[in-house]
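K.L.:
Structure below; questions to follow.
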Amino acid sequence: NELMEMMQHENLGYLAVSLGFYKTLFSASGTSTSSEIPEDEQKEMGLSPGLIRFSIGLDHDIERTYHKMRECMIKTGVL
């Protein structure tokens, strides 16, 4: 959540439940779209609690988006 909130604050995209939009969106599948799937099935599917789904939109330069996302990942200790 910290990473997604930072990326939203940096204007990289939006926290979302659905990934159907032309702008960059991100969601934590385990606690949103897949939350109704039992935990044991989530594990079988490879859905871990920290998994983030990204839908990179057409709203910015893709290279800029990549570099800013990487910066956020480094700041939060993901990378």
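K.L.:
Is it the case that the range 65-74 has a residue that's at pLDDT below 85 and surrounded by 11 or more Cβ atoms within 10 Å (Cβ to Cβ)? Step through it out loud before you land on a result.
P.N.:
Taking the range 65-74 first, the residues at pLDDT below 85 are none.
Scanning the range 65-74, I find no residue that is at pLDDT below 85 and surrounded by 11 or more Cβ atoms within 10 Å (Cβ to Cβ), so the answer is no.
K.L.:
Is it fair to say LEU79 is in contact with a helix residue (DSSP H, G or I) (Cβ under 9 Å, 6 or more places away or on another chain) and at pLDDT below 80? Before you say what the answer is, go through the steps one by one.
P.N.:
On the way: in contact with a helix residue (DSSP H, G or I) (Cβ under 9 Å, 6 or more places away or on another chain): yes; at pLDDT below 80: no.
So LEU79 does not fit the description; no.
The values are calculated or read from the model by the stated rules, or taken from the named source; none is laboratory data. Because the structure is predicted, anything quoted here is derived from the model rather than measured. Every residue, glycine as well, gets a Cβ built from its backbone with ideal geometry; the counts of neighbours run over all protein chains shown.
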